[in-house]
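Report on the structure given below.
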Number of protein chains: 2
Amino acid sequence: MLDRMKHALKSSIETSDHERFNLLIKDMYPIDIADFLSVHSDQILITFLKYTSPDLHAKVLEQANEKLQLRMIKFLDYSEVIHLFSQMSNDDVVDTLGHLPIGLRKNIINEIKEDERTSVEQLLGYSKDSAGGIMTTEFIALNRNLTISEALDKIREIGPDTEVIELIFILNNNHELVGTADLRDILSSDTNTLLSSITNETILTVYPEMDQEKVAWLVSKYDLKAIAVVNSDNKLLGIITVDDIIDVIVQEQSEDLLRLGGIGGQLKSDGTVFYYVQRRIPWLLINLGTAFLAAFTVTLFEDVISQVVALASSMSIVTGMGGNAGNQTLSVTVRSIALGELDLKKHWKKVFKEVMIGILQGAIVGSLAGIILHFKVGNPMIGLIIFLAMIGNMAVASIFGFMVPLILKRFNFDPALGSSIFLTAATDVLGFFFFLGLASLFLPWLV
Amino acid sequence: MLDRMKHALKSSIETSDHERFNLLIKDMYPIDIADFLSVHSDQILITFLKYTSPDLHAKVLEQANEKLQLRMIKFLDYSEVIHLFSQMSNDDVVDTLGHLPIGLRKNIINEIKEDERTSVEQLLGYSKDSAGGIMTTEFIALNRNLTISEALDKIREIGPDTEVIELIFILNNNHELVGTADLRDILSSDTNTLLSSITNETILTVYPEMDQEKVAWLVSKYDLKAIAVVNSDNKLLGIITVDDIIDVIVQEQSEDLLRLGGIGGQLKSDGTVFYYVQRRIPWLLINLGTAFLAAFTVTLFEDVISQVVALASSMSIVTGMGGNAGNQTLSVTVRSIALGELDLKKHWKKVFKEVMIGILQGAIVGSLAGIILHFKVGNPMIGLIIFLAMIGNMAVASIFGFMVPLILKRFNFDPALGSSIFLTAATDVLGFFFFLGLASLFLPWLV
């Protein structure tokens, strides 16, 4: 939304110019209104609630962040909250309920109409990150023995309350899911045809327990508009639509980015300094442990360093390069795992290819570093040492950059979780060890 | 697809059991067939093409990777290729054409029917990563003066060739885009009503030149099913559907991951060792330069190190911690930029908050490191030095982790591009400088 528009809106509220206010609000998207309200005072929120329709309240509530949802509900009475919920889609109601204090949540659930309450309670039972947690129960499911004209009547009736109408789910007489029908085919078929004759029986389904990332991967791979969630009896529990999948992908991928850096899960965007420090410090402490491990490796060779002090400056070249090369491999691996292209069991042999890449890279970069160092220090032996250490450490970088995320995934951790810290621990410790170890072997030619 | 199924399919081809082959293929998704064909011999591809319908060929061609597309086109004659293209959606035709050798591409374009050729040539003119490059010209646009029953007739007729039918685009008499209509409303309205009465005039549009990442961000923020691409006269050129947006988001975000690691743009998943080394080596060479810069900083203090050799092992703690802390900030910043939450002009002041976070983190981790080092080396002064250096270097890590991606973006580079390498250059050089500089100041108390 343009800043100009925000100012106009604010001033229309402040000057009680309701005509102008309504004109402005009419053309705004609910998400923009939510953004606007979330950074303005309660006074403005109250005015907004007073002069706009419950229909709009519901749309804004769906888009509001946790804080704004609580503020909105605070200023509405119970009956209106219940009414709002009845206009929102079930999965959004469940999301909103999840943000409320537990007492308030229970009171509201008790007020919800009985038929809706069952499905809301059911949805609340699933883990937030599972197929069940992100599915909606607003879909169209029709018996395959209906005729096209009967089907169209049902679609006209149920359509307005559903998230998708292009895809109609088809059930048999046992209420089991047997396929889907495309609304295009329904519209263009003869009115007496049976739905069963245009049912596409190739259908992908998921169980409610499936992780949302896996679901997102399926929908994206098969270009689906929606995917069906069924129980073990093949009864349709809900559907997950492609726009919910986008949210999952954005959330999961940004979590991957954060986790790579060693910050767990989700992150508020408006936290305090202490909030952020709290989220980051655990991994930094682990990192401190690994840093001391690397320092300890150097301590083992203090004797050598005191004889050839030039080693102190050169050793960080080996570890620094190893860390960055390993992070390259790491980012490729994490990406391939996220795209469903890599799996420890099937593809562990690829580590040999990665090692080849590491050795080749090490040889190229190491020979350059060796030549520069030879001229700088005036000793070809130190050039040879960095050449060999670089090859060794780049191979290590490849192995850890490739295996750490795969192994984390194998044990059901997130493949990105802190992998960068484990990786640099390995390239630091072994990089120092290779370089200083070789130096102590070749010490007679160095001093 | 299950491995069992792949084996069954392969054996049905090898044993020329066409009945079984057709039975198996009927239940498979085009993407799975494409995956299967891409790892099998030309012989199997030829058999597949021989015993399946052009309709299926088109679907598989849409899903095939570049290599398989070329192989498929090699085994089909011109007329069939043209026929396939006529069954594919325009944006997929354009993608496929983009993968063909330029001579072959021109020949095929010349064979395409004149009306389709124009729109294909137009689409080929847009940059691959722009709104124009990912839009499709298969949409439903109707004049607002049509009645519902006339509209439904048109939808029945055009529907099967379009990517979205839930959303109908509404034009005025000048063929300008004025809004959208929801198919739900069309289905439930009286047949004599005019489309204009159910047109929603709040509509977001983009120009064909807009970067695909920006488009994806809009569609995801506003939960759109499709977004309209218009020219400066507000004429509708095409639409971008939500499933194409998913591809964009997956592609852009995985590119961010790769770029952070210092690997440009896209990456084949089946390249040779040399291919990968080639893609990674440029950034490693830049990294080599920065590593020598860091090493040079250490060289400045060789004198101090030769007097207190314990400094050599401890200095890497400061730089290692700085690098990882900076990468935490970096990943948060790159994510926020991608989500459209951060902008250099508006939010540069947030760097002060980041610095506060860095100083606080440095103080916590630094005091721990200081205490450990004091007991290890037996000198409180070295503990104080690492404490101060850690605070300084964590502040640097925060500044660079926050500013580097924002500045890269400001100059129209990708915010993730190699930022990790610039960042670790800063934390290495300044980390060594802080630690060894303080050590040389306090030297009398260290020896």
What residues have an amide H closer than 5 Å to that of residue B:170, excluding those fewer than 5 places away on the same chain, when H is modeled at 1.01 Å from N in the peptide plane? B:142, B:178, B:179, B:180, B:181
Given the candidates B:191, B:257, B:216, the one whose Cα lies deepest towards the positive end of the charge dipole of segment B:141-258, counting +1 at each Lys or Arg C-beta and -1 at each Asp or Glu C-beta, is B:191
Is the shape of segment B:273-446 best called rounded, prolate or oblate, per the rule: a/c under 1.5 gives rounded, else a/b larger than b/c gives prolate, else oblate, with a ≥ b ≥ c the square roots of the Cα gyration tensor eigenvalues? oblate
Find every distance from the label point of residue A:14 to the corresponding label point in the other copies (7 Å from Cα along Cα→Cβ) and write them in nm, one decimal, shortest first. 7.9
Rotationally averaged projected area of the protein assembly as shown (alpha carbon convex hull; nm²): 41.6 nm²
If Rh is defined by the Kirkwood formula over all Cα pairs and Rg also comes from Cα, what ratio Rg/Rh do you get for segment B:3-125? 1.00
For the Cα atoms of chain A, what angle does the longest principal axis make with the long axis of helix A:310-338, in degrees from 0 to 90, nearest 10? 30 degrees
Considering all alpha-carbon pairs of chain A, what whole percent are spaced by more than 39 angstrom? 45 percent
Taking the Cβ of each residue in A:78, A:126 as the centre, tally the other Cβ atoms inside 10 Å and list the residues starting with the fewest. A:78, A:126
Angle in degrees between helix A:54-63 and the longest Cα principal axis of chain A, rounded to the nearest 10: 10 degrees
Using a 7 Å Cα-to-Cβ projection, residue B:50 label spacings across copies, nm, ascending: 8.1
Qualifying aspartates and glutamates (Cα of each under 19 Å from Cα of residue B:345; at least 8 residues distant if same chain): A:3, A:270, B:354, B:414
Please give the net charge around residue A:42, taking every other residue with its beta carbon less than 11 angstrom from that of residue A:42, where Lys and Arg add +1 and Asp and Glu add -1. +2
Once the dipole of chain B is set up with Lys and Arg at +1 and Asp and Glu at -1 on Cβ about the Cα centre, which of B:146, B:295, B:274 lies farthest towards its positive end? B:295
Indicate the gyration tensor shape class of segment B:141-258 (rounded, prolate or oblate), computed on the Cα atoms with a ≥ b ≥ c the square roots of the eigenvalues: a/c under 1.5 is rounded; otherwise a/b larger than b/c is prolate and the rest oblate. prolate
Quick one: putting +1 on the C-beta of Lys and Arg, -1 on the C-beta of Asp and Glu, what dipole do you get for segment B:141-258 around its Cα centre, in Debye to the nearest 20? 460 debye
Which angle from 0 to 90°, rounded to the nearest 10, does the C-alpha axis of helix A:273-299 make with the longest principal axis of chain A? 20 degrees
Residue-averaged 222 nm ellipticity for chain B, from DSSP H runs of 4+ at -39500 (n - 2.57), nearest 500: -21000 deg cm²/dmol
When a footprinting reagent is the concern and you count Cβ atoms within 10 Å, what order do B:7, A:83, B:18 take, fewest first? B:7, B:18, A:83
Charge dipole (debye, nearest 20) of chain A; +1 at Cβ of Lys and Arg, -1 at Cβ of Asp and Glu: 1980 debye
Under a Cβ-Cβ cut-off of 15 Å, what is the net charge of the residues other than residue B:306 that fall near it, where Lys and Arg count +1 and Asp and Glu count -1? -4
Between segment B:337-402 and segment A:403-447, what is the C-alpha centre distance in whole Å? 24 Å
Using +1 on the beta carbon of Lys and Arg, -1 on that of Asp and Glu, and nothing else charged, what's the dipole of the protein assembly as shown about the Cα centre, debye to 20? 3760 debye
Exposure proxy order (Cβ contacts within 10 Å, fewest to most) of B:417, A:344, A:388: A:344, A:388, B:417
In whole Å, what is the distance between the alpha-carbon centres of segment B:191-235 and segment A:22-67? 22 Å
Convex hull volume of the Cα atoms in segment B:40-193, per residue, in Å³? 140 Å³
Taking the label point as lying 7 angstrom from Cα along the Cα-to-Cβ axis, what are the distances from residue A:443 to the corresponding position in the remaining copies, in ascending order and in nanometres? 2.6
If I take the Cα coordinates of segment A:104-193 and project them onto the principal axes, what are the three extents in Å, biggest first? 51, 25, 23
With unit charges on the beta carbon (Lys/Arg positive, Asp/Glu negative), name the residue among A:311, A:155, A:69 whose Cα is farthest towards the positive pole of the charge dipole of the protein assembly as shown. A:311
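The numbers here are math on the coordinates, done by the rules we state, and not lab data. None of these values were measured; they are calculated from a predicted model. Positions of Cβ are backbone-derived with ideal geometry, glycine not excepted, and every protein chain shown enters the neighbour counts.
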